[in-house]
Amino acid sequence: MRIRFFPFGRKRRERDLDEEIASHLSMAESDRVEAGEAPDAARASAQRELGNVALVKEVTREQWGGAWLEQLARDARYGLRLLRRSPGFTIVAVAALALGIGANAAIFSVVDGVLLRPLPLPDSGRIVAVQPLTTATAVRARLAASYPDFFDWKAQSRSFSAMASLRLIGATLTGVGPAAHLGGEIVSSDYFTVLQVVPVLGRGFVPADDRPGTQVVVLSHDLWQSRFGADPAILGRAITLEGRPYTVIGVMPRGLRFPVDDKPPEFWTSIAMDAEGEKPWTSNRGMTTLDVVARLAPGATIEGARAEMNAIARNLAREYPDDDRDRAEARVIPELERVTGGVRSPLLVLLGAVGCVLLIACANVASLLLARGTARHRELAIRAAIGAGRRRVARQLMTESLVLSLLGGAAGLVLALVGTRWLLHLSVSNIPRLDDVGLNVRVFGFTLAVSLVTAVFFGVAPALRLSRTDLSEALKEGGRGSDGGAGHTRFRSGLVIAETAIAAVLLTGAGLLLASFRRLESVPPGFSPERVVTFDTSLPESAYPEDRQTRFYDDLVAAVRERGGVRSAAAIFPIPLGSAHVGISFQIEGRPVPKADEPAAAFRQITPGYFETLAIPILSGRDFTPRDDKAGAPVVIVSRSFAARFFPGESAIGKRIRPGVARDGEPVTREIVGVVGDVKHRGLGEEAEPEFYVPSRQMSIADMTVVARVDGDPTLLERDVRAIVAGIDKNVPVYHVHRLTEYLLDAVAQPRFNALLLSVFAGLALVLTAVGLYGVLAYAVALRTREIVIRMALGARRSDVLRMVVRRGLSLALTGVGIGLLAALLTTRLLRGLLFHVAPTDPATFVATGLVLAAVALAASWLPARRATRLNPMEALRRE
């Protein structure tokens, strides 16, 4: 007996197999009954003769599977041979696919490392950020929390298994090699419980460590190794931070970084540091300096935690109206969302852009496959003539497309490796988690999936069209080939229109971002950054009381000024466009308001000569002088925005304000002695905010930034700054030695990154579109050679032929441009949050996009048109 083989779908194949086995059983059983056997015995005999039915089915299934895999491998080998025979086609197609797939893999590696990968902490999905919200303005701004609010949140909430506070600080380490400035955090005792991180040595913090007077520290793994030689006896040892002894109680695991959007901390200490003094921060509800993180309790949800925290915030606002009236709401979001919120939209836009580039590449390859398939009509017809069905031919063509796509994917991975390194080389400091970006298993899997999907995108339509082989048409007249018919021509024209439309959308988006970047870059920052060197210093407060801080910075600024080539120098805290920002409320003399209604402005502390060094204009009044010290009258200088907002229509000079910043423990009323130009302290895209400046001799700060304008080469001063500081005190660290222009570049780094990448992808799309249009027209000229030469033989001028071909190309391109610009009117609205003083429907950008694409289309049409005009009618007809 023989079981037939059914090469159909699985369900149909198994149904037919069952039917055939049942038929054979019935026939065998009937034969034995007619021969005189009992029915039961006949059935048993038939089954023994046929063998185990399940085994027969399994063997048949395995045979079918083995045959299918063998056929697939055979088709793949045949496809590779064909690709080797057509190196030009193979190189162009693989290059187009590699560009599209490689760009997608490179951007996905960034999206995966920044947005998709969980934070490197146990069960990090349950770590949330808790932030107060201000309702005082129309724009709801996130605020830091105060210690009293944090204590109340922790005591009253039930949605969290643990809640902790953290505050970033800097401290000077001395006594272990050269003095070094360390970045650290002041954290509450539940901090490591929230993170679920266990020290590799010693212990973390306990509630007793939060008590005033406690001086304990936990070291990072890197600091333990670099400064203490990984000494296992470090526990219990005292180290000197800010001139005070701190006992080491633990060492954390390697690579611990939290928050992940900041530099890895080098040490942690308890909130006991903020619990010191007559008015400690831990009891000041108006001092909002904390970030708060928490871990959701088992069974708790973010929505429930948010509702609970809003209720607690409203109660605190009613109970403490002077401080919390405008913080009557709270925000609870996943920590990963907080970290990546500012870059999520730009990265998703870029991911969409590379997806469009891949679509254009697919359209190009599909067009190439149609053109190549036309030349293979005779081969496909012969296949059909000897029995290959349409499905068999389509499967062969799809296998060839799959091989081509996998080759493109392999080449794309190489491009992705180069592209990812280039992206990281751009070093956009405000994109978090870039250290986690790289090619990994997830990126390889994504690339494979994209390659498979791409094969379907560009392979299905040509396979279906080319498998419809007209045998008689393909073989007549010796099989000179076929032009593929009007359907093929229309389909390829449609591909060109689609490519042009997609390119128009990308080019419009890139144009908007470039226009936005140019406008942002042209915004005057309010100061002159050229040839200005900056560096930070940090004075340990235990060794430098307030009067010594003033003397140190006077001596340091004087020493910098004495260096050759230095025109002027001064010191400031905080520096323009830096990461620090201090806002302080104040009262205006003669305008008493409740404490909760006091206005606020940005605070800056400077030494005399700061405005001259940065070329900030003094609009009225005077600059600070050395006489503006503690013995002199308290004074302040305000910005133009400050004067316009709080003293509209009148001069601010002589007016008096009382900032909530202490002098000898109590705030004092200060007279406004000058008004200066506005400075972009937060960012070039931000509106200038009201600011006031206080002379450092009347209220000193331990950490300041020295700024020096030089006439010659800034690198000379950059090399000398550490020696200058060491000449005054070798225990004072120097760090962040930069040029002021670097702060300016950082301020536009994200817009530059967005504009650059989208422009690169738009450029790729433009090139691929031009290649696609050129290919379609060149192919059309080749197909219409007989028509063209007959026209020319009958008297048609070369200019007529030129216009005919160019008109065809421009009609396709302009149709695509029109469709693309209409689509761009809708899609560019997604860029609204990324644009600066540019509307998503900016007419100039749309017109420029249309003109650029029209010019590219004209160039792509001109070459095939010129080739058509150079045809020799007699030679062409002889070849025909």
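Listed values, structure above:
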read-out	value
Calculated from backbone phi, Karplus (6.51, -1.76, 1.60) coupling profile of segment 647-657 in Hz, x at Gly/Pro	9, x, x, 8, 6, 7, 5, x, 6, 10, 10
Where labels lie 7 Å past Cα in the beta-carbon direction, separation of A839 and S161 in nm	5.4
Estimated dipole of segment 65-132 in Debye, rounded to 20 [Cβ of Lys and Arg +1, of Asp and Glu -1, Cα centre]	360
Pairs of Cα atoms farther than 27 Å apart, segment 557-707, %	19
Estimated D of segment 536-638 in µm² per second, where Rh is the Kirkwood radius over Cα pairs and Stokes-Einstein applies at 20 °C, 1.002 mPa s	132
Calculated FRET efficiency for the pair T715/V847, C-beta based, R₀ 51 Å, to 0.05	0.65
Two-site label geometry, R563 and E612: point separation in nm, points 7 Å out along Cα→Cβ	1.9
Residues listed by number, segment 400-422, amide nitrogen under 19 Å from R372 label point at 7 Å toward C-beta	400-413
Inter-probe distance in nm under a simple model that places probes 7 Å from Cα toward Cβ, at E686 and R518	2.7
Cα coordinate range in segment 137-238, projected on the principal axes (Å, largest first)	51, 30, 25
Note, ³J(HN,Hα) from phi for segment 741-747, Karplus 6.51, -1.76, 1.60, rounded to Hz, x at Gly and Pro	4, 5, 5, 5, 5, 4, 5
All-pairs Cα distance distribution in segment 606-663, expressed in whole percent, bin size 10 Å	18, 50, 31, 1
Ratio Rg/Rh, restricted to segment 532-580 and using Cα atoms, in which Rh is the Kirkwood radius	1.00
Segment 681-726 - charge dipole about Cα centre, Lys and Arg +1 at Cβ, Asp and Glu -1, debye rounded to 20	280
Full-stretch length increase - A297, V582 - with 0.36 nm per residue and alpha-carbon distance subtracted	99.2 nm
Long-range amide H partners of E689 with built H, under 5 Å	H681
Check: segment 181-232 dipole with +1 on Lys, Arg Cβ and -1 on Asp, Glu Cβ, in debye	80
Additional length obtainable on full extension of the chain from L619 to R203, 0.36 nm per residue less Cα span	144.0 nm
R0 of 45 Å, Cβ-Cβ distance R117-R314: FRET efficiency to nearest 0.05	0.80
Binned Cα-Cα distances of segment 103-187, short to long, each 10 Å bin given as a whole percent	12, 24, 30, 25, 8, 0
Fully extended contour minus Cα-Cα distance, from V92 to R627, at 0.36 nm per residue	185.1 nm
Vicinal HN-Hα couplings computed from phi for segment 171-176 (Karplus, 6.51 cos²θ - 1.76 cosθ + 1.60; Hz; Gly/Pro x)	8, 9, 9, 10, x, 10
Gyration tensor (Cα) of segment 672-774, equivalent ellipsoid semi-axes in angstrom	43, 22, 12
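Values in this text are rule-based calculations from the coordinates and carry no lab data. Because the structure is a prediction, the values reported are computed rather than measured. Note that each Cβ is placed from the backbone with ideal geometry, even for glycine, and that neighbours are counted across all protein chains shown.
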